Amino acid sequence: MAFYTKHGDGLVYYHHGTQQSPVSFSFMWSEDGGQSFSKAKVLITNYPFDAGNRPYVKYYSKGENRIHLVFTDGHPRNESKNSVYYAYYEGGAFWKVNGDKICTLEELPFSPKDASLVYQGSDQQGRAWVYDISADEQNRPIIAYARYLSEEEHIYHYTRYDGKNSTTLRIKNKPIDNPPIVQKGFSRPGAVRVLITTSQSPQSPA
């Protein structure tokens, strides 16, 4: 997945895996329009470094100066308290939602816990899974995720940040059906459509 930025960062490219960690999400950048790229760096991982750790990431950008990321500790099958985190890339560095710096490109990778916490997984509230991310007219994040209380009971949430605080709304909960059905969709002018589905392996709409 590639993104252009307008303010001198060139082309940013996210992909799955490096030689050191074939399952990790990684990050490369280009300053010549994609003719050449930097060496791939692992983007997010836990500490100490675990080549098998696999945070799941969703991205969104308006094609200007900011790339939004929402991600988990790992796969909910492997992380009993899988949580949801947010960060954004801008100007050669990664930032929390409130503007605190996480790290520069040269300092990658960072840990999920270095970013802004969206949802804290627990035995009582369930482990989480990210579904999508978008942004409002002020380029502030809008996030869709689910809490898995069990393999059959999934509770869907919509979270947005207003510049000071986050507001989370419960959308719907329903056992998984077969075949999958759409539970809830929402969109904003100029933003991608966010789709909530009961599928455990959702596909993007055409």
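Things to note:
- Residue that is surrounded by the most Cβ atoms within 10 Å (Cβ to Cβ) [pool: residues in segment 72-102 that are touching a helix residue (DSSP H, G or I) at 6+ places or on another chain (Cβ under 8 Å) and among the β-branched types (Val, Ile, Thr)]: Thr72
- Residue match in segment 36-45 (condition: assigned to a strand (DSSP E or B), buried (at least 18 other Cβ atoms within 10 Å of the Cβ) and at pLDDT 80 or above): yes
- Selection of first residues in segment 26-53 that are within 18 Å of Gly91 (Cα to Cα) and of second residues that are acidic (Asp, Glu) and crowded, with 17+ Cβ neighbours inside 10 Å, restricted to Cβ pairs under 7 Å at least 6 apart or on distinct chains, gives the following pairs, ordered by first then second residue: Trp29/Asp9.
- Some residue of segment 89-106 being of a type in the set (D, E, K, R), modelled with pLDDT of 95 or more and more than 13 Å from the chain's Cα centre (by Cα): yes
- Meets criteria (more than 18 Å from Thr5 (Cβ to Cβ), out of contact with any Lys or Arg (no Cβ under 9 Å at 6 or more places or on another chain) and not aliphatic (A, V, I, L, M)) for Glu79: no
- Verdict on Ser30 being of a type outside the set (D, E, K, R), modelled with pLDDT of 85 or more, farther than 24 Å from Tyr161 by Cα and surrounded by fewer than 20 Cβ atoms within 10 Å (Cβ to Cβ): no
- Total residues in segment 107-152, condition loosely packed, with under 14 Cβ neighbours inside 10 Å and farther than 24 Å from Asn165 by Cβ: 5
- The residue list Pro48, Pro55 contains one member that is buried (at least 20 other Cβ atoms within 10 Å of the Cβ), part of a loop (DSSP other than H, G, I, E, B) and at pLDDT below 90, which is Pro55.
- Under the condition of being assigned to a strand (DSSP E or B), over 15 Å from the mean Cα position of the chain (by Cα) and more than 19 Å from Glu79 (Cβ to Cβ), the residues counted in segment 123-155 number 0.
The values are calculated or read from the model by the stated rules, or taken from the named source; none is laboratory data. Everything numeric here is computed off the predicted structure, so don't read it as measured data. Neighbour counts are summed over all protein chains in view; Cβ atoms, including those assigned to glycine, are modelled from backbone coordinates with ideal geometry.
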